[in-house]
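Asks: One structure, as structure tokens, below. Some questions next.
Just so it is clear, none of the values below were taken in a lab; they were calculated from the coordinates. None of the values given here were measured: they were computed from a predicted structure. Glycine gets a Cβ as well: all are built from the backbone with ideal geometry, and neighbour counts include every protein chain shown.
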């Protein structure tokens, strides 16, 4: 795997390419164009960027108004502020009113690392999953990011994307088919399935490589879409492999893991299962990478979790 | 309760005579306001819920907007050049539903389903109802949406205006002031913000709950061109809307001084009528007062 660029860089360059040929594309920012890598966008297309200052509620409301006139609106702000302070605007002005704004949560998850919990978004999947009429995407790499932005252009409903600020590994072949709501199988195996989203997918891939050296083969799914959810991919994993481990840069409550657990329970499928994410505690101080490692979102941590699950299965 | 809702639609009113006619004289609009108030009370009584006094305070504003100011009708509602009206004080939806029925967006009989099981007439504005621009109901949202819509007009070189009605109690929501900063920054003289200044909110006087005054100074400081109007005076409302834009490159703000519960003596300026449903006796008395007002207006004509 080669190291690519930060996903939010790819988001910004892809959007700039598209916007140069489509004047209906607008970016709305809350003093966030620098973090969102949108300075070149603002310089090249000053008529297609709307700045509202540090005011996330207003950012989303203004975006809803713009979208109601047929503009393709991308509301860009750090995920931590956007999905808490402006949650009511997302729920009412965007989702409930069906103003198809593309809500872009930048520097998501624990991207801001040591800046602390004020700047972490470990709640956004949970909060938004419960809101009707907004789809949720967490691209894993540069390919998925670009494809997601392209797909967003013609998506009929409101969307939420979350992007991180650190360079990510390229995981996909260029001819991979990307479809909103459809998991991508990155690796095939019989023993364990890793179902991961966003920037944890690369960690799951590294764990799979590590485990394969010990003769444990792993399926790795990039679950880039949290909603609509690819239930079938989860059911197949339960039927075709011996254990499932979900991995997310999110609270272990209310995110990818619990979405998978819900599907399995309601289908009566019982497999050794573990949700790996950020536990319900005061998050440890560190960089994104250090926080991942601390909570077992690492090649070694995930490999250990896999071995433990398989042992449980063998002993039962 | 002894009421037969549909019977009340049968009251003679200006509605039947003037529906669809945008050029109306003042007396006709005044008659309409009486008829609207009757309908508001009827549908609230019928449904057993509603925001009575706030709907009555903004009735005249909506009347003048939809019958004199806005270029909005059922046939042009998809036209990108139509004016927009976004009701930020969504709880006064009974007034909005009533005026839209009169404008022919749907039948008045449809309003009998207000708040009923599976009705599209929800207790706050919803786009499921023809003629409603935005879903509102949570306070402090309408102004930002209106600002975004007005920015779009500027970007597209369109001449439509965006009107939004805010409650005075609603102004404690900080998002309204965020939106005000943006309105001034983008010099949105195509935006018309109307404050329904009835001085009451659910707990009591606005000045006792969370002081708003000096309200004009606040709005001026935020960059608006501010005007005052008697928000229950039809000729004054017509006049103030005709003066828009007040100052080039400044967003327009109208402080409409209104009476909560306007038109019904025992509801006027009384905090308890915020969302109280009239008893049978109160309802009969209220209708009686409105019929008397109608008779007086017709006699004056």
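Asks: I'd like the mean, over residues of A:19-28, of how many other protein chain beta carbons sit within 10 Å of each residue's own Cβ.
Replies: On the way: counts 0, 0, 0, 0, 2, 3, 0, 4, 0, 2.
The mean count of partner-chain Cβ atoms within 10 Å per residue comes to 1.
Asks: Moving on. How many times 2.2 N^0.38 Å is the alpha carbon radius of gyration of chain A? Please list the in-between numbers first.
Replies: On the way: Rg = 19.0 Å, N = 316, 2.2 N^0.38 = 19.6 Å.
Here the Cα radius of gyration is 0.97 times the empirical estimate.
Asks: Here's another thing I want to ask about it. With just the Cα atoms defining each centre, how far is region B:147-207 from region A:123-202? Give it in Å.
Replies: Centre-to-centre distance over Cα atoms comes out at 37 Å.
Asks: While we're on this one: State the Cα centre-to-centre distance between region B:83-127 and region A:24-93 in whole Å.
Replies: Between the Cα centre of region B:83-127 and that of region A:24-93, the gap is 30 Å.
Asks: Something else: Just for the Cα atoms in the protein assembly as shown, what are the lengths along the principal axes, largest first, rounded to whole Å?
Replies: Computed over the Cα atoms, the extents are 97, 56, 45 Å.
Asks: With an 8 Å cut-off on Cα pairs and a minimum separation of 6 or more residues, tell me the relative contact order of chain B in percent.
Replies: 22 percent
Asks: Where Rh is the Kirkwood radius over the Cα pairs of region B:5-300, the temperature 37 °C and the viscosity 0.692 mPa s, what D in µm²/s does Stokes-Einstein return?
Replies: Values: Rh = 19.0 Å.
Result for D is 172 µm²/s.
Asks: Determine which residues of region A:202-242 fall in the zone a paramagnetic label at residue A:300 would reach in this model, i.e. backbone nitrogen under 20 Å from the point 7 Å along Cα→Cβ.
Replies: A:202-216
Asks: Points 7 angstrom from Cα along the Cβ direction at residue A:155 and residue B:128: gap in nanometres?
Replies: Distance between label points: 2.5 nm.
Asks: Using Cα-Cα distances under 8 Å and only pairs 6 or more residues apart, what relative contact order does chain A have, in percent?
Replies: Numbers: 704 pairs, mean separation 52.9, N = 316.
This gives 17 percent for chain A.
Asks: When ranked by the protection proxy of mean other Cβ atoms within 10 Å per residue, highest first, what sequence do the peptides A:290-297, A:183-190, A:88-95 form?
Replies: Details: A:290-297: 19.6, A:183-190: 17.9, A:88-95: 25.2.
For the peptides A:290-297, A:183-190, A:88-95, the packing ranking is A:88-95, A:290-297, A:183-190.
Asks: With label points built 7 Å along Cα→Cβ from the Cα atoms of residue B:208 and residue A:232, find their separation and express it in nm.
Replies: Each label point lies 7 Å from its Cα, and together they span 6.3 nm.
Asks: Mind running the shape call on region A:3-169? Use the C-alpha gyration tensor, a ≥ b ≥ c as the square roots of the eigenvalues: rounded below 1.5 for a/c, prolate if a/b tops b/c, oblate otherwise. Spell out each step's value before the answer.
Replies: Details: a/c = 1.32, a/b = 1.03, b/c = 1.27.
Rounded.
Asks: From the square roots a ≥ b ≥ c of the eigenvalues of the alpha-carbon gyration tensor of region B:96-236, which class results: rounded (a/c under 1.5), prolate (a/b over b/c), or oblate?
Replies: Details: a/c = 1.85, a/b = 1.29, b/c = 1.43.
Judged from the Cα gyration tensor, region B:96-236 comes out oblate (a/c at least 1.5, b/c at or above a/b).
Asks: A follow-up question, please. Rank-order B:199-212, B:69-82 by packing density, defined as the average count of other C-beta atoms within 10 Å over each peptide's residues, highest first.
Replies: Details: B:199-212: 15.7, B:69-82: 14.1.
Descending mean neighbour count gives B:199-212, B:69-82.
Asks: Could you grab the relative contact order for region A:3-169? Cα pairs under 8 Å, six or more apart, rounded to a whole percent.
Replies: Numbers: 326 pairs, mean separation 48.5, N = 167.
Relative contact order comes out at 29 percent.
Asks: Report, in whole Å, the centroid distance computed from the Cα atoms of region A:257-316 and region B:211-278.
Replies: When both Cα centres are located, 58 Å separates them.
Asks: Say each of residue B:118 and residue B:265 gets a label point 7 Å from the Cα, pointing the same way as Cα to Cβ; how far apart are those two points in nm?
Replies: Calculated label separation equals 4.5 nm.
Asks: Can I ask one more? For helix A:201-213, report the angle its Cα long axis makes with the longest principal axis of the Cα atoms of chain A; keep it between 0 and 90° and round to the nearest 10°.
Replies: Helix A:201-213 sits roughly 20 degrees off the main axis of chain A.
Asks: Also, quick follow-up: From the Cα gyration tensor of region A:195-259, with a ≥ b ≥ c the square roots of its eigenvalues, which class applies: rounded if a/c is under 1.5, or else prolate if a/b is larger than b/c, or else oblate?
Replies: Values: a/c = 2.12, a/b = 1.38, b/c = 1.54.
Oblate shape, in that a/c is at least 1.5 and b/c is the bigger or equal ratio.
Asks: Something else: Can you pull the mean other chain C-beta count within 10 Å for peptide A:212-219?
Replies: Working: counts 0, 0, 0, 0, 0, 0, 0, 0.
Mean partner-chain Cβ count within 10 Å for A:212-219: 0.
Asks: Taking a temperature of 25 °C and a viscosity of 0.890 mPa s, what whole-number D in µm²/s does Stokes-Einstein yield for region B:176-233 with Rh from Kirkwood over alpha carbon pairs? Before the final figure, lay out the partial values.
Replies: Working: Rh = 12.8 Å.
For these conditions, the coefficient is 192 µm²/s.
Asks: What is the average number of partner chain Cβ atoms found within 10 Å of a Cβ in A:48-56?
Replies: Values: counts 1, 0, 8, 3, 10, 4, 1, 8, 2.
Average per residue, whole number: 4.
Asks: Per the Debye formula with a single identical scatterer at each Cα and no solvent contribution, what log10 I(q)/I(0) holds for region A:184-315 at q = 0.09, 0.13, 0.15 Å⁻¹?
Replies: -0.22, -0.47, -0.63
Asks: Once the piece of chain linking residue A:114 and residue A:176 is laid out straight, how much longer is it, given 0.36 nm per residue of separation minus the C-alpha distance between them?
Replies: Details: separation 62, 0.36 × 62 = 22.32 nm, distance 3.50 nm.
Full-extension gain reported as 18.8 nm.
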